[in-house]
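Student: Structure provided below as structure tokens; questions to follow.
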Amino acid sequence: MTSISLKTIGPEAVNTLQSIWINTFKEAYAGLHSEADIQSYCDINYSEEAAQAVLMDELSDCILAYVDGNPVGFYVVKHHNCPLGNFAEQSSELKQIYILADHYGDGVGRALYSDALKKISARNRSAIWLLVSDLNSRAQAFYKKQGFEYLGPGPVLEVGAEKLPSSVLGRAIEVKV
């Protein structure tokens, strides 16, 4: 059984976040996009400045998952309302949740997701929403199992030169008072 620990991180962990961002994204999208497009995306979206901005954002929570003292995954939740559907008020966005491929099936994703729901509920928000690439079938399947519903089309996501359709998914959650 894998022993997973979760830790809220702040600006002191900017390099750790940047590294796990890049590594998990490259693993998740290898074979779906060219290496050049993936690297371009990482250069733009996962810079040290971008990591610092997320870690300094008072509306965001960033949590790292560790196994044997090594970071193996993370999530970022931003507490702002969904622009679509019945989830428009009192919702939070699951901006990212990624784990290293070596830990797929180890329960790390479930632990991160469960913790994200707790953080959202603790802020008295009653729904969770996210954007997901329509090409990311692994993520789509995970979210469907978690009860997410299609709310509408999302923005076009750019990974290097590629332009990808996305979807906005959401679901209600129980607020713990």
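Student: Can you pull out the strands (runs of 3 or more DSSP E) entirely within the stretch 112-168 that have at least 3 residues that are open to solvent by 50 Å² or more (accessible area, probe 1.4 Å)?
Tutor: Numbers: elements: 127-133, 149-153, 157-159, 162-164.
The qualifying strands (runs of 3 or more DSSP E) are 149-153.
One line per residue, one yes/no per condition, for (1) free of Cβ contacts under 8 Å to residues at least 40 places away in the same chain; (2) touching a Cys at 6+ places or on another chain (Cβ under 8 Å); (3) at negative phi; (4) not hydrophobic (A, V, I, L, M, F, W, C):
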| residue | (1), (2), (3), (4) |
| --- | --- |
| L84 | no, no, yes, no |
| E89 | yes, no, yes, yes |
| L112 | no, no, yes, no |
| N124 | no, no, no, yes |
| I128 | no, no, yes, no |
| Y143 | yes, no, yes, yes |
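The values are calculated or read from the model by the stated rules, or taken from the named source; none is laboratory data. Since the structure is predicted, the reported quantities are computational estimates derived from the model, not experimental observations. In this analysis, Cβ positions are derived from the backbone assuming ideal geometry, glycine residues included, and neighbour counts consider all displayed protein chains. Protein only, heavy atoms only, side chains kept; ligands, DNA and RNA dropped before computing areas. Shrake-Rupley method; radii C 1.70, N 1.55, O 1.52, S 1.80 Å.
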